[in-house]
Amino acid sequence: MDPTGTTDTFKDCRLKLKRNPEIGKKISTLALVGRLVPIMPILPFVLSSIIDRAWKPHFSLDTKEIRRNVFLFSFENEDDRARVLRGASWTVDGNYLILREWNPKLAIEEVELKKSPFWVHVHGLTPDEMGEENCAAISAMIGELVSSDLRSGNGLGYSCIMNLK
């Protein structure tokens, strides 16, 4: 500080804050951070209305826009939050919604919202094209393979269903 009592720089204004893991855990276990990957713009109140109808929370759900296309979903109940996270991937009016748990040690702006797992269905494979190796080859063109499931399609052919990141 200078003799007048004012600070010359912001570095003199640093404050060491104490972490409270108990409060952090309480907040983060009831929250999800989401980023809308828009094909077309969507207004926050429209998103909130669609989310309420799609997720059907048993208890209160608050949706707040943090910045453009980034939202904080605050649940009143952990079971509602867990059900929504288990049901991902989500789309809202044709726009993909990336959801993440909020690590209590990160500021909301630090939550990684660039990639998310999603399911891809590949139809019309012949029986000799079925197999994990071909699912892996197909997924390598799109993203990182998380898991795959080979299914019969009611006699109409086969499909390779892939969960990709």
*Enumerate the residues in the stretch 75-91 having an amide nitrogen under 16 Å from the point lying 7 Å beyond the Cα of ASP62 toward its Cβ.*
75-78, 81
*Taking neighbour counts of Cβ atoms within 10 Å as a proxy for exposure, in what order, fewest first, do LEU113, LEU43, LEU15 appear?*
LEU15, LEU43, LEU113
*First check a/c for the stretch 13-121, with a ≥ b ≥ c the square roots of the eigenvalues of its C-alpha gyration tensor; if it is under 1.5, answer rounded, and if not, answer prolate when a/b is larger than b/c or oblate otherwise.*
prolate
*How do ARG81, ARG100 rank when sorted from fewest to most other Cβ atoms within 10 Å of their own Cβ?*
ARG100, ARG81
*Would you mind checking which residues have amide H under 5 Å from VAL122's amide H? H placed 1.01 Å from N; only 5 or more apart, or other chain.*
CYS160, ILE161, MET162
*What's the exposure ranking of ASP80, ASP62, going from fewest to most Cβ atoms within 10 Å?*
ASP62, ASP80
*At R0 = 45 Å, FRET efficiency that the Cβ-Cβ distance of GLU132 and CYS13 yields, to 0.05*: 0.20
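Here, each number is a calculation from the coordinates, and none is a lab measurement. Everything quoted here is computed from the prediction, not taken from an experiment. Counting neighbours? That spans all protein chains shown, and the Cβs are built from the backbone with ideal geometry, glycine included.
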